[in-house]
Amino acid sequence: MKFIPNLIIAIILLISFSGYAFNRKITRETQSILSEAGKPSEEIVSENDLSELPFPVKNWLMSSGVVGKPKPQTVYLRQKFDMKLKPGQENWYKADAEQYFTTKSPAFIWTVKLRMSPVIKISGRDKFKDGKGEMQMKMNSIINLGNESGEKMDEGTLQRYLGEMVWFPSAVLNPYITWEGMDSLTAKATMNYCGTTGSGIFHFDEKGNFVRYSTMRFMGNDPDAKRYGWVITVDDYAVFEGIRIPSKMRATWKLDEGDWTWCVIEITDMVYDKKL
């Protein structure tokens with residue numbers, strides 16, 4: 001009978017050690033990314049910086065409040081999620097996430113903790129650095145659910161970075177982004193960095209609010225993975241660091257069998273140039 005308590009203790013210790021090791025890895029990766037960001041910039045966004053942009057992009061940056069503000073070198077976010085892991089799933093899972101971005105050399109690291117049940121917890125890490133994307137997911141810090149990288153992941157992760165720049169709008173002025181005006185409310189952005197390229201379409205309203213981002217993104221990382229429509233829509237806005245940004249959003253895959261809204265996001269905190 002002593003075997004069962006000893007086994008339980010061993011499992012608890014294994015989970016604790018694996019969780020510690022995974023968290024240490026994420027900390028090292030975060031420090032590595034932030035170490036390349038440099039000191040906070042004293043450069044202030046001016047109206048002249050916006051002069052070459054298509055009208056809807058210029059209107060958005062003006063209305064968001066970036067003019068007269070410094071360009072952040074790093075961005076820290078806390079997020080709450082409702083998530084569905086597969087099409088057709090009825091119940092939402094709750095999750096909490098943290099994310100660091102750098103802007104001059106575009107990169108991010110995103111960590112999430114998903115509660116599937118009282119005994120099943122998923123930990124995940126997405127990373128984009130030097131034009132390369134990576135994704136790792138673990139169950140209870142032990143069972144590896146995914147460890148993906150490669151060209152499809154690179155492109156998809158870059159497209160994610162491009163869409164999430166709406167949380168730090170002045171970064172769209174960086175030279176790795178090129179803009180093409182489509183009409184008075186729409187513009188196409190193309191991002192090219194370290195050999196990886198991706199694009200997406202930004203949609204705005206008449207007041208200059210960003211309302212939707214759409215792109216064709218690989219769903220999965222398998223050799224036969226195909227691109228499908230991937231759309232982020234805005235439900236609400238908030239002001240952080242004096243900048244008006246989308247604070248509540250949802251992400252939807254446009255699949256052959258119908259739309260799959262797989263996550264609803266709420267930004268609960270945002271800090272520019274936060275020290276780790």
Hey, what do the phi angles of segment 165-182 turn into as Karplus ³J(HN,Hα) couplings, whole Hz, using 6.51/-1.76/1.60 and θ = phi - 60°, x for Gly and Pro? 5, 5, 7, 9, x, 5, 5, 6, 7, 5, x, 7, 10, 10, 10, 9, x, 10
Summing -39500 (n - 2.57) over every DSSP H run of at least 4 residues in the chain and dividing by its residue count gives a helix-only mean residue ellipticity at 222 nm, to the nearest 500 deg cm²/dmol, of -7000 deg cm²/dmol
Find which of 179, 27, 128 sits farthest along the positive direction of the dipole of the chain, computed with +1 on the beta-carbon of Lys and Arg, -1 on that of Asp and Glu, about the Cα centre. 27
About the Cα centre of segment 3-272, how large is the charge dipole given +1 on each Lys and Arg Cβ and -1 on each Asp and Glu Cβ? Please answer in debye to the nearest 20. 840
Dipole size in debye (nearest 20) for segment 74-204 around its Cα centre, Lys and Arg Cβ +1, Asp and Glu Cβ -1? 560
For helix 151-164, what angle does its Cα long axis make with the longest principal axis of the chain, in degrees from 0 to 90 and rounded to 10? 60
Provide 36, 257 in ascending order of the number of other Cβ atoms located within 10 Å of each residue's Cβ, fewest first. 257, 36
List the relative contact order of segment 124-276 as a percent without decimals, with contacts defined as Cα pairs under 8 Å and 6+ residues apart. 14
For the chain, what does the relative contact order come out to in percent, with C-alpha contacts under 8 Å and a separation of six or more? 18
Least to most buried among 120, 177, 109, by other C-beta atoms within 10 Å and fewest first, runs 120, 177, 109
With a cut-off of at most 13 other beta carbons within 10 Å, and DSSP calling the residue loop, which trypsin sites (Lys or Arg not before Pro) in segment 208-276 qualify? Please list them. 226, 275
Full extension between residue 48 and residue 253 adds, at 0.36 nm per residue less the Cα distance, a length in nm of 70.1 nm
Under a no-solvent Debye model with one identical scatterer per Cα of the chain, what's log10 I(q)/I(0) at q = 0.12, 0.14, 0.16 Å⁻¹? -0.77, -1.04, -1.36
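Values in this text are rule-based calculations from the coordinates and carry no lab data. Not measured: the values here are computed from a predicted model. For neighbour counting, all protein chains shown are included, and Cβ atoms are generated from backbone atoms with ideal geometry for every residue, glycine included.
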